[in-house]
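Report on one structure; see the data block that follows.
Nothing in this text is a laboratory measurement; each read-out follows from the coordinates by a stated rule. Source: prediction; values computed, not measured. Reconstructed Cβ throughout: ideal geometry from the backbone, glycine too, with neighbour counts over all protein chains shown.
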Amino acid sequence: MEIPLFDLRRPLEPFEGALLEAAARTLRSRRFILGPEVEAFERELARYLGVREVVGVANGTDALTIALRALGAGPGDEVIVPAFTFYASAEAIPPTGARPVFCDVDPELMVLTPETVKPRLSRRTRAVIAVHLFGNLAPVGEIEALGVPVLEDAAQALGSRAPDGAMAGSLGRAATFSFYPTKNLGCAGDGGAIATSDAQVAELARTLRFHGSRDQRSFELVGFNSRLDELQAAFLRVLLPQLEGWCEDRARCLERYRKAGLGELVRLPAVLPGARAAWHVLVVRSPHVDRIAAVLREAGIGARVYYRPPLHRQPAMSRYAGSSALPASEHLALTHLALPSWPGLGPREARAITERVAVALAGIGADAPSRC
């Protein structure tokens with residue numbers, strides 16, 4: 001049974017007709033940049049998230065850089081970012097003139113915490129990027145209590161909910177999203193957005209995304225050419241109403257794997273108590289992840305190790321890394337493996353994946369989960 005890490009066919013197939021009509025509607029409008037589709041999508045996503053404003057931009061990386069600029073990050077500032085996350089979370093910081101400062105993550109939840117952030121705070125700290133990694137929520141409120149603005153990197157967590165029901169993307173001063181095709185809500189190319197209830201941040205983000213201009217004639221800032229285009233917004237408007245159902249299904253994937261017995265073979269991901277994690281991918285842990293990944297790939301099952309080495313060990317980030325040890329990030333980089341968790345992945349697929357994991361670990365011993 002071939003099971004991809006991301007299945008774009010099954011979730012999208014029922015909406016092909018509506019997506020084609022959205023494309024035709026956009027073509028007939030002759031409005032391709034910052035038109036009614038973008039405006040409508042921004043309103044609809046803001047309503048879903050429970051925030052005042054959403055600003056569409058070209059991709060998730062630009063969203064981070066523009067949001068940091070809108071939060072005031074600039075030369076001489078520092079921005080704290082976890083070392084165990086995708087490269088873009090740190091790559092987005094230097095273009096603002098600020099310097100990334102890497103912190104460790106909780107070894108179970110795989111997200112930064114007040115305990116990992118606090119030692120990295122300084123008088124130069126402008127913001128903390130709280131990455132909701134793989135769909136698991138970082139404790140934004142507890143980090144903000146340290147007295148520093150939090151920018152949520154929610155690229156992998158659109159649809160995740162905090163214990164009080166608040167959506168990922170509504171918890172900090174601002175939040176960013178990616179609509180890369182494999183994300184929880186994906187478009188047919190690149191796309192991104194900034195969400196905030198701070199009117200000043202939203203106004204600055206809108207100005208920065210269009211070359212630093214509010215009226216397209218007077219240019220007040222050195223900005224970016226970074227706009228969510230009409231066609232992608234039209235596609236996203238078709239799919240946004242499906243997001244909640246898809247996220248419920250993503251959240252149920254963990255229970256399907258648990259019932260299949262996967263937790264007896266590898267360590268299953270921990271979830272923030274009371275939260276709903278809309279898994280972008282479901283990440284398990286084992287000392288034998290490379291062996292497991294090889295066996296799964298041979299069986300046609302998508303599996304992938306991410307973020308090895310972690311960010312502070314990446315060549316381009318060496319000048320910012322410093323000498324501090326980040327043991328949880330280092331260990332997670334060696335012991336994690338992403339498994340499929342897309343909408344429509346059912347008990348049959350979960351059992352098939354679990355069976356192949358058992359084959360990979362045959363003869364190694366039944367205590368593999370506890371040794372990670």
### Hz values of 3J(HN,Hα) by residue in region 135-147 - Karplus curve (6.51, -1.76, 1.60), Gly and Pro given as x
x, 7, 8, 7, x, 4, x, 5, 6, 4, 5, 6, x
#### Entry: Cβ-derived FRET efficiency at R0 45 Å, LEU240 paired with ARG123, nearest 0.05
0.60
## Note on the structure
Listing LYS183, LYS118 by rising number of other beta-carbon atoms within 10 angstrom, fewest first, gives LYS118, LYS183
### Query
Once amide H atoms are placed 1.01 Å from N in the peptide plane, what residues at a sequence separation of 5 or more from THR125, or on another chain, have their amide H within under 5 Å of its amide H?
GLU78
### Task
Using amide H atoms built 1.01 Å from N in the peptide plane, name the residues 5+ places from LEU112, or on other chains, whose amide H lies under 5 Å from its own.
ASP106, VAL131
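Which longest uninterrupted range of the chain lacks any GluC sites (Glu not before Pro) assigned by DSSP to a loop state (not H, G, I, E or B) and surrounded by at most 15 other Cβ atoms within 10 Å?
On the way: sites that count: GLU2, GLU108, GLU220.
My reading of the result: 221-372 is the longest stretch.
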### Per-residue HN-Hα couplings for region 177-194 [Karplus 6.51, -1.76, 1.60; θ = phi - 60°; Hz; x = Gly/Pro]
9, 10, 10, 3, x, 8, 6, 4, 10, x, 10, 9, x, 9, x, x, 7, 10
### Task
Please give, to one decimal in nm, the separation of the simple spin-label points placed at SER323 and SER29, each 7 Å out from Cα toward the Cβ.
5.7
### Message
I'd like the distance separating the alpha-carbon centroids of region 180-204 and region 270-299, in whole Å.
### Response
26
### Task
Rounded, prolate or oblate: pick one for region 1-65, where a ≥ b ≥ c are the square roots of the eigenvalues of its C-alpha gyration tensor, a/c under 1.5 means rounded, and failing that, prolate if a/b is larger than b/c, else oblate.
oblate
### Task
Give a residue-ordered list of calculated ³J(HN,Hα) values for region 96-105 (Karplus: 6.51 cos²θ - 1.76 cosθ + 1.60, θ = phi - 60°; whole Hz; x for Gly, Pro).
7, x, 7, 10, x, 10, 8, 10, 7, 10
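Determine the gain in length on full extension of the stretch ARG308-GLU44; use 0.36 nm per residue of separation and subtract their C-alpha separation, reporting nm with one decimal.
Extending this stretch completely gives an extra 91.4 nm.
Of the chymotrypsin sites (Phe, Trp or Tyr not before Pro) in region 232-332, which ones lie in a loop per DSSP and count no more than 11 other C-beta atoms within 10 Å? Numbers along the way, then the final one.
On the way: sites: PHE235, TRP246, TYR257, TRP279, TYR306, TYR307, TYR320; in loops: TRP279, TYR306, TYR307.
Listed in order of number, the matching sites amount to none.
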### Task
Determine the shape class of the chain: with a ≥ b ≥ c the square roots of the Cα gyration tensor eigenvalues, call it rounded for a/c under 1.5, and otherwise prolate if a/b is greater than b/c, oblate otherwise.
oblate
### Query
Local charge sum around CYS187 (other residues, Cβ-Cβ under 13 Å, Lys/Arg +1, Asp/Glu -1)?
-2
### Query
What is region 1-153 by shape, rounded, prolate or oblate, if you read a ≥ b ≥ c off the alpha carbon gyration tensor as root eigenvalues and call it rounded for a/c under 1.5, prolate for a/b larger than b/c, and oblate otherwise?
prolate
### Task
Could you pull out every residue, at least 5 positions away or on a different chain, whose amide H is within less than 5 Å of the one on LEU339? Hs are placed 1.01 Å off N in the peptide plane, and Pro or chain starts have none.
LEU282, VAL283, VAL284
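Arrange LEU228, LEU45, LEU254, LEU121 by Cβ neighbour counts within 10 Å, fewest through most, would you? Could the numbers behind the result be given before it?
Values: LEU228 29, LEU45 25, LEU254 21, LEU121 17.
With the fewest neighbours first, LEU228, LEU45, LEU254, LEU121 line up as LEU121, LEU254, LEU45, LEU228.
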### Task
Give me the distance between the Cα centres of region 22-86 and region 326-350, rounded to whole Å.
27
### Neighbourhood charge, 14 Å Cβ-Cβ cut-off, centred on LYS259 and excluding it, Lys, Arg +1 and Asp, Glu -1
+1
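Give me ARG217, ARG9, ARG209 sorted ascending by neighbouring Cβ count inside 10 Å, so fewest comes first. Present the calculation step by step, with values, prior to reporting the outcome.
Values: ARG217 6, ARG9 10, ARG209 26.
Ascending number of Cβ neighbours within 10 Å: ARG217, ARG9, ARG209.
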